[in-house]
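Beneath this line is the structure, given in structure tokens, with notes to follow.
The values are calculated or read from the model by the stated rules, or taken from the named source; none is laboratory data. None of the values given here were measured: they were computed from a predicted structure. A quick note on method: Cβ atoms are made from the backbone with ideal geometry, for glycine too, and the neighbour counts reach across all protein chains shown. The accessibility values were calculated without ligands, DNA or RNA, using every heavy atom of the protein model including side chains. Shrake-Rupley method; radii C 1.70, N 1.55, O 1.52, S 1.80 Å.
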Amino acid sequence: MKTKLNELLEFPCEFTYKVMGMAGPELVDQVVEVIQRHAPGDYSPQVKPSSKGNYQAVSITITATHIEQVETLYEELGNIERVRMVL
């Protein structure tokens, strides 16, 4: 049985993105910049480096207002050059 994301969520709701990409201070800045365009707010992303320090995981929680916002952010975060995966 395949369930769509919009069937599982009630809007507005808290929604966390975990963005994994190449390590560097610009990764966090780029993630926050994309988030600010679609969900303006005051964010304090959590950053966790990989064991070798080559990658970083940036977790950021927004208050999502509709499914299109969630999907657009997945797409735009995935388009950041340093990003390897968005969960």
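Scan segment 67-80 and tell me whether some residue there is aliphatic (A, V, I, L, M) and at pLDDT below 95.
Here is the first cut: in segment 67-80, the ones aliphatic (A, V, I, L, M) are 67, 70, 73, 77, 80.
Cutting the leftovers down to at pLDDT below 95 gives us 67, 70.
Checked against the condition, which is being aliphatic (A, V, I, L, M) and at pLDDT below 95, segment 67-80 yields at least one hit.
So if I check each of Arg37, Arg84, which one is farther than 24 Å from Lys4 by Cβ, in contact (Cβ under 8 Å) with a residue 24 or more places away in the chain and assigned to a strand (DSSP E or B)?
On the way: Arg37 fails: assigned to a strand (DSSP E or B).
None of the others qualify; the one that does is Arg84.
Checking Val28 against (1) closer than 15 Å to Leu87 by Cα; (2) open to solvent by less than 40 Å² (accessible area, probe 1.4 Å), only one condition comes out false. Which one?
Looking at each condition in turn, Val28 falls short on (1).
Select from segment 48-81 the residues that are among the small types (Gly, Ala, Ser), in a strand (DSSP E or B) and surrounded by fewer than 16 Cβ atoms within 10 Å (Cβ to Cβ) and list them in ascending order.
Once the filter is applied, which keeps residues that are among the small types (Gly, Ala, Ser), in a strand (DSSP E or B) and surrounded by fewer than 16 Cβ atoms within 10 Å (Cβ to Cβ), segment 48-81 yields only Ser59.
When you scan segment 44-69, how many residues do you find that are free of Cβ contacts under 8 Å to residues at least 24 places away in the same chain and within 22 Å of Met22 (Cβ to Cβ)?
Total meeting the criteria: 7.
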